[in-house]
Amino acid sequence: MGINIFLFVWFYIFYNTGDQFFYTRHLLGSALAWARAPAAVLNFNCMLILLPVCRNLLSLIRGSFVCCSRTMRKQLDKNLTFHKLVAYMIALMTAVHTIAHLLNVEWLNNSRQGVYDELSLDLSKLGDAVNTTFLNPIRIKDMNPQYIPIYFAFTSIAGLTGVVITLALILMVTSSMEVIRRSYFEVFWYTHHLFIIFFAGLVFHGAGRIVRSQQSTNPPHMVTVCKDRSDEWGQIPDCPDPQFAGGFPQTWMWVIGPMVLYICERLLRFIRYMQAVRYRKIVMHPSKVLELQLVKSGFKMEVGQYVFLNCPAISHLEWHPFTMTSAPEEDFFSVHIRSAGDWTDKLIHIMQQLPEGAQGPKMGVDGPFGTASEDVFDYEVSMLIGAGIGVTPFASILKSIWYKFKESNPKLRTRKIYFYWLCRETHAFEWFADLLQVLEKEMEERGMGDFLTYKLYLTGWDQSHATHVMVHFDKEIDVVTGLKQKTHYGRPIWEREFEQVRQENPTSVVGTFLCGPEALAKVLEKNCAKYSDVDPRKTKFYFNKENF
């Protein structure tokens with residue numbers, strides 16, 4: 001934000017006070033500075049906008065900070081938030097830049113028609129005579145003045161590319177709204193690829209050089225002397241005709257680096273797409289959850305990481321992110337896919353039609369990519385909170401813990417895990433309960449029953465289910481999950497949970513990890529701050545959230 005403000009103020013002052021723009025300001029007024037200052041901010045933000053979506057670059061950088069600041073890695077995990085903030089700034093500056101130039105075109109046209117003073121008309125006539133260069137880019141005269149601004153907008157390089165850029169930006173921004181992205185992901189996905197047209201137009205937008213400044217001449221044209229003697233320009237030695245030239249296009253210099261990086265990113269994705277992926281197992285779980293166990297040569301992962309999947313049988317262009325539920329110790333990687341839109345519905349339908357034991361359709365895999373959950377083993381104590389299918393990164397973590405205990409891994413620093421899972425319906429627990437049962441048994445056999453504390457919360461139920469629970473309330477195992485830990489009904493009282501964790505771990509740094517909705521994230525982040533002690537020797541909570 002500081003750099004944006006600096007660029008805006010600097011270029012506003014430059015164009016609003018620079019002597020070389022005196023005559024330009026006479027035609028355009030303050031709209032010159034209001035057009036050029038946002039353009040400078042746009043250059044800077046268009047340089048940044050592609051970097052947060054270079055997934056492989058971010059994973060490389062994130063990996064290089066493994067031994068460095070936890071804060072640095074957390075900032076990298078907010079790449080999509082940063083991408084959105086930059087997009088908002090681009091949209092705002094585009095609006096200001098466009099409005100200013102619409103006014104500029106109208107004033108340039110009026111000056112050409114002689115609506116204003118004599119100096120404005122004489123400045124607009126420059127370029128008509130021999131040995132003069134134009135200041136007013138509107139050169140056409142034999143047309144109805146009312147239509148000249150529209151004609152200029154669609155025939156000049158700056159005008160035409162400006163229209164294309166603005167339309168592309170409007171479509172990208174509007175289709176990125178939460179309601180469209182959640183309900184019509186394909187609309188968001190395809191319109192977002194208008195960024196190719198946006199950047200192509202951006203590179204050529206300045207080639208028209210319509211904003212022009214006064215150039216040095218010999219003898220010099222002294223503005224202070226000659227501005228009131230425009231009828232004598234070129235006729236007396238003290239006032240030669242002023243010469244003007246457009247500024248050199250600079251936008252391409254700002255964006256060429258990120259564009260090259262992004263092209264390399266897409267090439268790497270294509271190479272990964274072409275690598276063969278084999279299906280090890282296809283499982284259909286209750287609640288329309290599809291489990292895919294996949295094998296890919298040379299594939300290596302860490303806990304909590306995610307991959308992008310592409311199924312050409314559905315769409316050659318669409319890639320969707322899914323957190324891996326397998327552990328690094330396993331010889332395959334798995335994802336659990338919930339029915340949540342057209343793409344996932346089509347994939348589940350295809351898999352359901354396959355004969356028993358058959359290989360599924362071709363699947364492209366890009367990744368793996370790092371997330372906040374990778375850092376779970378950096379904390380002595382961790383709180384893992386999953387909502388619905390958001391439990392997937394923690395399945396990977398808990399499986400990995402099981403393998404580490406099985407192998408007596410001495411590198412395991414974690415000594416306590418609190419796991420919370422919130423679901424709307426009972427069937428959602430089924431595919432994950434088996435893993436928790438194995439972990440329960442393993443911890444008891446090793447005398448480490450206190451290592452994992454887990455609480456399952458059912459947030460939706462009907463009367464028949466409530467009656468069934470009441471009848472079997474005295475049983476040792478839970479009637480919903482088959483686990484010794486009974487299912488809780490309703491939502492957690494987070495203040496109570498954080499207070500309990502703080503009391504049980506009075507001198508620990510606690511990592512709080514969430515894969516779930518934004519509303520829950522705000523509650524947890526607030527409680528992390530509330531229950532962190534100001535004394536660095538006492539309990540401190542660090543909030544981490546998965547971002548896709």
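Details
- Of all DSSP beta bridges in the chain, antiparallel share, percent nearest 5: 50
- For the residues 133, 487, a 1.4 Å probe over the protein chains yields an accessible-area ranking, largest first, of 133, 487.
- Helices of the chain meeting both criteria, an alpha-carbon length of 30 angstrom or more along the long axis and an average Kyte-Doolittle score not below -0.5, with helices taken as full DSSP H segments, are 79-112, 251-274.
- To the nearest 10, the accessible area of residue 166 is 40 Å² with a 1.4 Å probe.
- Accessible-area ranking of 540, 522, largest first, probe 1.4 Å: 522, 540
- Overall shape of the stretch 99-148 was characterised from the C-alpha gyration tensor. The equivalent ellipsoid obtained from it has semi-axes of 18, 12, 11 Å, in decreasing order.
- Only Lys, Arg, Asp and Glu carry charge here, each on its Cβ (+1 for the first two, -1 for the last two); on that basis the chain has a dipole of about 800 debye about its Cα centre.
- Per residue accessible area in Å² of the chain, where ligands, DNA and RNA are left out and the probe is 1.4 Å: 51
- When 151, 12, 279 are compared by accessible area at a 1.4 angstrom probe, the order from most to least is 151, 12, 279.
- Residue 107 accessible area, assembled protein chains, probe 1.4 Å, Å²: 80
- Annotation: residue 181 carries an accessible surface of approximately 50 Å², with a 1.4 Å probe and no ligand, DNA or RNA atoms counted.
- Shown for the chain: the carbon plus sulfur share of the solvent-accessible area, taken with all protein chains present and a 1.4 angstrom probe, equals 60%.
- Relative contact order (%) - the chain, alpha-carbon pairs under 8 angstrom, separation at least six: 10
- Volume per residue for the stretch 1-150 equals 155 cubic angstrom (convex hull of Cα atoms).
The values are calculated or read from the model by the stated rules, or taken from the named source; none is laboratory data. As the structure is a prediction and not an experimental result, all values here were calculated from the model. Heads up, the Cβs are rebuilt from the backbone with ideal geometry, glycines too, and the neighbour counts pull from every protein chain shown. All accessible areas refer to the heavy atoms of the entire protein, side chains included, with ligands and DNA or RNA removed. Shrake-Rupley method; radii C 1.70, N 1.55, O 1.52, S 1.80 Å.
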